[in-house]
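In what follows, a single structure is set out as structure tokens and then discussed.
The values are calculated or read from the model by the stated rules, or taken from the named source; none is laboratory data. A quick note: this is a predicted structure, and the numbers were derived from the prediction, not measured. Surface accessibility is based on the protein's heavy atoms, side chains included, excluding ligands, DNA and RNA. Shrake-Rupley method; radii C 1.70, N 1.55, O 1.52, S 1.80 Å.
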Amino acid sequence: DTAVSQTPKYLVTQMGNDKSIKCEQNLGHDTMYWYKQDSKKFLKIMFSYNNKELIINETVPNRFSPKSPDKAHLNLHINSLELGDSAVYFCASSQSPESNEQFFGPGTRLTVL
Amino acid sequence: EDQVTQSPEALRLQEGESSSLNCSYTVSGLRGLFWYRQDPGKGPEFLFTLYSAGEEKEKERLKATLTKKESFLHITAPKPEDSATYLCAVQATSGGSYIPTFGRGTSLIVHP
């Protein structure tokens, strides 16, 4: 069974559009994350939620809005997409914010044309 | 600001040729240093956490060590299936938050 799943796996869209990426974990974890990995493989945390509450909000443009409807789901909505948003977005989860081991999803490759 | 530098950027080895990957870090107060493995087109997979200088962890052909300034991931007699990008990350103790800072990774290719 898949532990952390993301949809879609690939997303190709035009500049200016709005898109969403969905994430679900079936591990029973309390904490979920969104990361962005650029073309040079640099992985940077964007947001983290613990029990549906936002606990980490790094310097991310406010065009990016996460939403956690429940502990098992964390979605990412992006408004007015820009070329620089092209990257691979990873969702991850862990038992708690202090947990050292994070479980990552397979990633969503976003291409903005 | 926390920083993590990994070297080399890329490493090619012959099967059975042991080597080490380096992760140098500067952090205000180290809570933990993590190693992850990432295969092409997949998410990172957790390998180890090290907490204090002198600590070592092993898993199959991999052994991670930690000093006050750097960590090494030693690969003994690697096999082609060890080919992947290895990511290092640190987590600081300051501010009560648990924000991981990742390095850019070392891309390892092991030739048969």
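Annotations for the structure displayed:
- Cross-link reach list, aspartates and glutamates versus A:LYS19, counting only Cα pairs under 16 Å and skipping chain neighbours closer than eight places: A:GLU82, A:ASP85
- Chain pair A, B: total accessible area buried, heavy atoms, 1.4 Å probe, Å²: 1700
- Accessible area of A:LYS40 in the full protein assembly, 1.4 Å probe (Å², nearest 10): 150
- Intensity falloff of chain A expressed as log10 I(q)/I(0), Debye formula with alpha-carbon point scatterers, at q = 0.11, 0.13 Å⁻¹: -0.31, -0.43
- Considering only alpha-carbon pairs that sit under 8 angstrom and 6 or more positions apart, the relative contact order computed for chain A is 37 percent.
- Heavy atoms of A:PHE64 accessible to a 1.4 Å probe, total area in Å² rounded to 10: 20
- Qualifying lysines (Cα of each under 30 Å from Cα of B:LYS63; at least 8 residues distant if same chain): A:LYS36, A:LYS40, A:LYS41, A:LYS44, B:LYS42, B:LYS79
- Gaussian network model of chain B, springs between alpha carbon atoms under 10 Å - residue of B:LEU13, B:LEU33, B:LEU87 with greatest fluctuation: B:LEU13
- Surface listing: A:LYS67, A:LYS9 arranged by accessible area from highest to lowest gives A:LYS67, A:LYS9, probe 1.4 Å.
- Considering only beta bridges that DSSP places wholly inside segment A:8-113, some 90 percent are antiparallel.
- Which of A:ARG63, B:ARG31 is most accessible, then next, and so on - probe 1.4 Å: B:ARG31, A:ARG63
- Rolling a 1.4 Å probe over the protein heavy atoms gives the protein assembly as shown an accessible area of 49 Å² per residue.
- Solvent-accessible area assigned to carbon and sulfur over the protein assembly as shown amounts to 48 percent, based on a 1.4 Å probe.
- Antiparallel content of DSSP bridges confined to the protein assembly as shown, in %, to 5: 90
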